[in-house]
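Here is the structure we will look at.
What follows is calculated from the coordinates using simple rules that are stated; it is not laboratory data. Everything quoted here is computed from the prediction, not taken from an experiment. With ideal geometry, Cβ positions are generated from the backbone for all residues, glycine too; neighbour counts draw on all protein chains shown.
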Amino acid sequence: MQPFGKQFVRAACASALALTLAAPASAKVEGDEIILGAAISLTGKYSSNGVNAKNGYDIAVKRINEMGGVKVNGKSYKLKVVYYDDESTPARGAQLAERLIQQDGVKYMLGPYSSCLT
């Protein structure tokens, strides 16, 4: 059994396609990288699932980058994720989402593990 089935690769490609179709001028770009942001539970009561979600994001980004990244207006970009630990608390998650947007300039966010944190 392969660790990443066709459905996983399709989901990763769908994510890449969604980024490709988004407005490129508003993306946080550093050189040839599009920066994604994620406030995710790395500690606290949701940490085991949050770490699994982070690992999934990392695998998807690695695979997308290995396949050439995402193409925006004819130019290829690699993806990079900036992570912050929301400590499994909604208030901290909201604070970190604001930080990613306002201070770090991230335009694309990856969701947290739990509905309680959104």
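Kindly write out, for region 36-50 in residue order, the coupling ³J(HN,Hα) from the Karplus curve 6.51 cos²θ - 1.76 cosθ + 1.60 (θ = phi - 60°), rounded to whole Hz, with x marking Gly and Pro.
9, x, 8, 9, 9, 6, 9, 9, x, 5, 9, 4, 5, 6, x
With a sphere of radius 12 Å drawn around the Cβ of residue 51, what net charge do the other residues whose Cβ falls strictly inside it have (Lys, Arg +1; Asp, Glu -1)?
With Lys, Arg at +1 and Asp, Glu at -1, the neighbours total -1.
Taking 8 Å as the Cα distance limit and 6 or more residues as the minimum spacing, I'd like the relative contact order of region 46-114 as a percentage.
Result for region 46-114 is 32 percent.
With the Cα gyration tensor of region 55-106 giving a ≥ b ≥ c as the square roots of its eigenvalues, does the rule (a/c under 1.5 for rounded; else a/b larger than b/c for prolate; else oblate) give rounded, prolate or oblate?
The shape class here is oblate.
Set the Förster radius R0 to 22 Å, insert the Cβ-Cβ distance between residue 43 and residue 78 as r into 1/(1 + (r/R0)^6), and round the FRET efficiency to 0.05. Intermediate values should be presented prior to the final figure.
Working: r = 28 Å, r/R0 = 1.28.
The pair residue 43/residue 78 has a calculated efficiency of 0.20.
How much length would be gained if the chain were fully extended between residue 63 and residue 109, taking 0.36 nm per residue of separation minus their Cα-Cα distance, in nm to one decimal?
Numbers: separation 46, 0.36 × 46 = 16.56 nm, distance 1.84 nm.
Answer, rounded to one decimal: 14.7 nm.
Taking the Cα centre as origin and putting +1 on Lys and Arg beta-carbons and -1 on Asp and Glu beta-carbons, what dipole magnitude results for region 31-85, to the nearest 20 debye?
100
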